[in-house]
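Down below is the structure, laid out as structure tokens.
Computed from the coordinates by the stated procedures, all read-outs in this text should not be read as laboratory data. Please read these numbers as outputs of a predicted model, since none were measured by experiment. Positions of Cβ are generated from backbone atoms using ideal geometry, with glycine treated the same way; all protein chains shown enter the neighbour counts.
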Amino acid sequence: MAEDPEQNNPEPDREEDEDAYLLSPQAVARIMYAVDAGDQKLLWEEMEPLHAADIADLLEQINAFDRRRLIELYGTEFDGDLLTELDESIREEVIAILHPEVLAEAVRELESDDVVDLVEDLEDEQQNAILEVLEDSDRVAVRQSLTYPEYSAGRLMQREVVMAPEHWNVGEAIDYMRDQDDLPEQFYHIVLVDPKLHPVGNVMLGKVMASRREVLLSSIVEETFHTIPVNQDEEDVAYAFNQYHLISAPVVDENDRLVGVITIDDAMAVLDEEHEEDILRLAGVGESSLSDKVIDTTKRRFPWLAVNLVTAILASLVIAQFEAAIAQIVALAVLMPIVASMGGNAGTQSLTVAVRAIATKDLTASNVWRVIRRECMVGLINGVIFAVVMGVVGVLWFGGPQLGYVIAAAMVINLVVAGLAGTVIPVILDRIGIDPALASGAFVTTVTDVVGFFAFLGLAAAVLL
């Protein structure tokens, strides 16, 4: 007698959560029940309220076996926006699972910038498979975008632009937009162009809708107008959007002709990626994801762990120079980690501020020395405060004032050096073309450890022996 699958795998209760449309554990359980039962209709019902980003999160959270089963059962409901939300580490896997017809329909729904973002990191075979399903005009536009340098405005822009001659009035613009069948799904401005397709201004859609038909578009242009060179680095693009509070900006080629437009959602995505990248690199893990394979994660982390080992050996060599002092005064071994640890934390604080300021272009040649002086003064003040605390601790703990004086002096020295190193090292690395977020941590830690141990043990050897 066949077993009833519902008895072995009962459907989870639909609890009345406050966040009924979010990817709650209950929602995940119901979705996986539908997958286990092979119930496509139920799966569609459970997935329908979810945003593409939530579905992408779900695919990233489950294992490869369940991911394949879910995608195959989901079938024709697979949304093109879902592909753009997926982490790059599993995007190729998902594309390989999709039926060619489902993939074709999903890709056709996307704007050109989303297609470029989707295919630029794929293998040639998968890239060609996606390009082949596009219409001829879209395929040409995407291939053209792929000729621009990676991480440039040309890769970031969308080719679909709503533009109008600068002599048009509001009524002509409205009639034109009503007659078009292929306007972008989302746009914020009408770009005014001269006869040579040079962009000359932006007109907000809100102003168009609020103006009479006879009003010239040129009379209601935005005060802030900024064009983006097609080869400009995407970090500089994101900086411009953030700095000048842009919503969208036209992209121009070397002849200042309009070739595309970048919108705020794409610029802010770059800014978020840069922030995330800086945080990960400060921890020495580079670009990482929870979906990465063990071997890939190991390879990515190994080099900086190796660098950390070398720096730790260097600090140990400094300690080895004072073996005799440590052997005679055991208290030195007890207290010296405190000096190094305080210096390391202070250095990390200055380093984080400096790396972030470099990324946002707030730390420049014009203010670098003022910032360095400020960080050194902060280190000095904190050093004096904690020196008093540790001086008292040293006296009370070990019963003699001299050891308290030594650790107090070493604390001041190391915190001042930490503030100096935490600012100067990332600036120097940035000047010589090395990402300060990736390399600064190891160098700053080495400096604070070596200086901290040398200052404390050196002073102890000179004063106490």
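A few remarks follow.
- Residues THR76, THR446, ranked from the fewest to the most other C-beta atoms within 10 Å, line up as THR76, THR446.
- The rule of thumb for compact globular proteins, 2.2 N^0.38 Å, goes into the C-alpha radius of gyration of the stretch 201-271 1.21 times.
- Rounded tilt (10° steps) of 52-61 against the dominant C-alpha axis of the chain: 50
- Once C-alpha pairs closer than 8 Å and six or more residues apart are averaged by separation and normalised to the residue number of the chain, the relative contact order reads 10 percent.
- Amide H contacts under 5 Å for ILE228, placed H, 5+ residues apart: VAL251, VAL252
- Listed by Cβ neighbour count within 10 Å, with the fewest neighbours leading, LEU122, LEU86 appear as LEU122, LEU86.
- Applied to the stretch 372-379, the Karplus parametrisation 6.51 cos²θ - 1.76 cosθ + 1.60 on θ = phi - 60° returns per-residue 3J(HN,Hα) values of 4, 4, 4, 5, 5, 5, 4, x Hz, with x for Gly and Pro.
- When you restrict to C-alpha pairs under 8 Å that are six or more residues apart and normalise by the size of the stretch 314-445, the relative contact order lands at 32 percent.
- Pair ASP179, ARG68: separation of 7 Å Cα→Cβ label points (nm): 5.3
- Amide H contacts of VAL193: ALA164, GLU166, VAL200, each under 5 Å away and 5 or more positions distant or on a separate chain (H built 1.01 Å from N in the peptide plane; Pro and chain starts excluded).
- Count Lys and Arg as plus one, Asp and Glu as minus one, and take only other residues whose Cβ is under 11 Å from that of ASN128; the net charge is then -2.
- Among the GluC sites (Glu not before Pro) found in the stretch 211-258, those both in a DSSP coil and sparsely packed, with 11 or fewer other Cβ atoms within 10 Å of their Cβ, are GLU214, GLU223, GLU254.
- Distance between the stretch 106-183 and the stretch 426-465 - C-alpha centres, whole angstrom: 50
- The stretch 20-147: translational diffusion in µm²/s, Stokes-Einstein, Kirkwood Rh over Cα pairs, 4 °C, 1.567 mPa s: 86
- Options LEU197, TRP168, LEU351, ranked by Cα towards positive dipole end of the chain, top entry (Cβ charges): LEU351
- Taking amide H positions as modeled 1.01 Å from N, with prolines and chain starts lacking one, the residues under 5 Å from SER152 and 5 or more places away or on another chain are GLU234.
- HN-Hα J in Hz across the stretch 338-346 - Karplus 6.51, -1.76, 1.60, θ = phi - 60°, x for Gly and Pro: 5, 4, 5, 5, 5, x, x, 5, 5
- With both labels modelled 7 Å from their Cα along Cα-to-Cβ, the ALA320 to GLN26 distance reads 6.2 nm.
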